[in-house]
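Asker: One structure follows; several queries about it will come next.
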Amino acid sequence: MATTTATITLASTDLISDSLSLSSTTTLYDAGTTTGLTQYDSGRVKIPGDNNIYILLDSTAAAVNKGNRVYVANKNTEDAHYVDILIDEAVLGRLYAGDWMFIPWSQADAAANLEVRAPNEVNTVEYAIFHEGRTFTGA
Amino acid sequence: MAKTTAQITLASPDIADNTISISNVAYLTKAGSAVGLDQTSGLRRRTFTSTSTVKLIDLDHYQDQTLTANKAAKVYIKNTGTSTAEHVKVGIQNAAGALEEIGWLYGGDWMFFPYSAAYTSAAHANNQDIDVTPSSTDSVTLEYIVFYE
């Protein structure tokens, strides 16, 4: 069993009248258990800036309703550059240059792909998915 | 100008032959600029005791104002529980007015994601509300924050 942790720290000294400082750590387990996730995939890709929706991570039958967690970061540096993040063509939001996100991804059905769309510029995206397994495609 | 940072560290000494360590800091800025996001819901906390689907972020009643859609809003949600067997399903209303499931937050899990917050009507017909559905009637508490402009 592997031990993988994800820690977030949100901090600001001037967003509100008092300092904001929040930190949380979670251990990434298989769904409904205390067994650590043992598989991951990661990569770095360039998303074409043509406003088309592309599948970044394909939903897979073996991962439906499992303990999948996804990290995505937009590595561009121009403030105006962004990629839309979508699940099954439903937009979550815009991941601007320098932004990152981390979500559980239940892959509820075969269409629940994690998708990206860059409206204007090529955006370089890094990603990692920690998971319990995937369905392999035969050669 | 407010400066808010969100830092993530993903670490594993043993999921692979070599240690994994991913760290990243994002400055939460307004869309397309270097100016910091300057509005927030503050840290909120809600407890649920049924398996009904509930609007956690209701765009039609969001602090008596409308979040500016299609900007750089961010959402943080944490399941403060300790159960690794029970979860809270988190979803977002899509453009067709149906709930699109994002993922399941077990006890101790958190998520942080960009949020387009598209608002269309008071009838919630196609609003991008964030809905949550506990898997159990056992009490579960979520903490959440929205950063927006």
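The values are calculated or read from the model by the stated rules, or taken from the named source; none is laboratory data. Predicted model, so just to flag it, every value in this text is computed and none were measured. Every residue, glycine as well, gets a Cβ built from its backbone with ideal geometry; the counts of neighbours run over all protein chains shown. Only protein heavy atoms, including side chains, enter the accessible area calculation; ligands, DNA and RNA are left aside. Shrake-Rupley method; radii C 1.70, N 1.55, O 1.52, S 1.80 Å.
Asker: To the nearest µm²/s, what D does Stokes-Einstein give for region B:104-149 at 20 °C and 1.002 mPa s, using the Kirkwood radius over alpha carbon pairs as Rh?
Answerer: Values: Rh = 13.1 Å.
Value of D from the Cα-based Kirkwood radius: 163 µm²/s.
Asker: Right, another one. In region A:29-86, if every C-alpha pair distance is counted and binned at 5 Å from zero, what percent goes to each bin?
Answerer: 4, 12, 22, 21, 15, 11, 9, 5, 1
Asker: Check each of the trypsin sites (Lys or Arg not before Pro) in region B:1-82 and keep only those in coil by DSSP with at most 16 other C-beta atoms within 10 angstrom; list them in order.
Answerer: B:LYS3
Asker: Among rounded, prolate and oblate, which fits region B:8-145 when a ≥ b ≥ c are the square roots of the eigenvalues of its C-alpha gyration tensor, a/c under 1.5 means rounded, and a/b larger than b/c means prolate?
Answerer: Taking the square roots of the gyration eigenvalues as a ≥ b ≥ c, region B:8-145 is oblate.
Asker: What is the magnitude of the charge dipole of region A:1-104 about its Cα centre, with +1 placed on the Cβ of each Lys and Arg, -1 on the Cβ of each Asp and Glu, and no other charges, expressed in debye to the nearest 20?
Answerer: Rounded to the nearest 20 debye, it is 340 debye.
Asker: What ranking of B:ASP14, A:ASP30 comes out by heavy-atom accessible area, probe 1.4 Å, highest first?
Answerer: Working: B:ASP14 75, A:ASP30 35 Å².
Result, largest first: B:ASP14, A:ASP30.
Asker: With every protein chain present, what accessible area does B:HIS124 have (1.4 Å probe, heavy atoms only), rounded to the nearest 10 Å²?
Answerer: Its heavy atoms expose roughly 40 Å² to the probe.
Asker: Using the beta-carbon distance between B:ASN18 and A:LYS46 and R0 = 22 Å, what value does 1/(1 + (r/R0)^6) give for FRET efficiency, to the nearest 0.05?
Answerer: For R0 = 22 Å, the calculated efficiency reads 0.30.
Asker: Can you compute the charge dipole magnitude of the protein assembly as shown about its Cα centre, using +1 on each Lys and Arg Cβ and -1 on each Asp and Glu Cβ, nothing else charged? Give it in debye, rounded to the nearest 20.
Answerer: The dipole of the protein assembly as shown has a size of about 320 debye.
Asker: Please work out the ratio of the alpha-carbon Rg of the protein assembly as shown to 2.2 N^0.38 Å and round it to two decimals.
Answerer: 0.94
Asker: Cα-Cα over 20 Å: which of B:LYS3/B:LYS55; B:LYS30/B:LYS78; B:LYS3/B:LYS89; A:LYS46/B:LYS3; A:LYS46/B:LYS89; B:LYS55/B:LYS78?
Answerer: Flagged as over cut-off: B:LYS3/B:LYS55; B:LYS30/B:LYS78; B:LYS3/B:LYS89; A:LYS46/B:LYS3; A:LYS46/B:LYS89.
Asker: Using a 1.4 angstrom probe and counting only protein chains, how large is the accessible area of B:SER139 in Å², to 10?
Answerer: Ignoring ligands and nucleic acids, B:SER139 comes out at about 80 Å².
Asker: Within 10 Å of each candidate Cβ there may be at most 16 other Cβ atoms; applying that plus a DSSP loop requirement, which chymotrypsin sites (Phe, Trp or Tyr not before Pro) in region A:39-139 survive? Mind dumping the intermediate values first?
Answerer: On the way: sites: A:TYR40, A:TYR54, A:TYR71, A:TYR82, A:TYR96, A:TRP100, A:PHE102, A:TRP105, A:TYR127, A:PHE130, A:PHE136; in loops: A:TRP105, A:PHE136.
Passing sites in region A:39-139 are A:PHE136.
Asker: Using only the alpha-carbon atoms of region B:1-85, report the extent along each of the three principal axes, biggest first, to the nearest angstrom.
Answerer: Over region B:1-85, Cα extents along the principal axes are 51, 42, 19 Å.
Asker: Could you state the accessible area per residue of the protein assembly as shown in Å², with a 1.4 Å probe and every protein chain left in place?
Answerer: Ligands and nucleic acids excluded, the figure is 41 Å² per residue.
Asker: Same structure again: How much length, in nm to one decimal, is gained on full extension between B:SER121 and B:ARG46, taken as 0.36 nm per residue of separation minus their Cα-Cα distance?
Answerer: Extra length available between B:SER121 and B:ARG46 comes to 24.6 nm.
Asker: Largest first, how would A:ARG117, A:ARG134 line up by accessible area (1.4 Å probe)?
Answerer: Output order, biggest surface exposure first: A:ARG134, A:ARG117.
Asker: Against the 2.2 N^0.38 Å scaling, with N counting residues, where does chain A land? I'd like the Cα-based Rg ratio to two decimal places. Walk me through the numbers on the way to the answer.
Answerer: Values: Rg = 16.4 Å, N = 139, 2.2 N^0.38 = 14.3 Å.
It is 1.14.
Asker: Turning to a different aspect of this structure: For a quick check, take a GNM of chain A with Cα springs below 10 Å and name the residue from A:GLY49, A:GLY93, A:GLY36 with the largest mean-square fluctuation.
Answerer: Largest GNM mean-square fluctuation: A:GLY93.
Asker: Please name which of A:ASN52, B:PRO114, B:THR4 has its Cα lying farthest along the dipole of the protein assembly as shown towards the positive end, using unit charges on Cβ (Lys, Arg +1; Asp, Glu -1) and the Cα centre as origin.
Answerer: Towards the positive end, the residue furthest out is B:THR4.
Asker: So what's the net charge close to A:ASP58: Lys and Arg +1, Asp and Glu -1, counting the other residues with Cβ under 15 Å from its Cβ?
Answerer: Details: positive: A:LYS66, A:ARG134; negative: A:ASP41, A:ASP88, A:GLU89, A:ASP109, A:GLU115.
So the environment of A:ASP58 carries a net charge of -3.
Asker: Run through all the Cα pairs of region B:54-116 and give the fraction in each 10 Å bin from 0, expressed as whole percent.
Answerer: Binned Cα distances yield the sequence 18, 48, 28, 6.
Asker: Provide the net charge surrounding B:LEU43, with neighbours chosen by a C-beta distance below 15 Å and charges set as Lys +1, Arg +1, Asp -1, Glu -1.
Answerer: Charge balance near B:LEU43 sits at +3.
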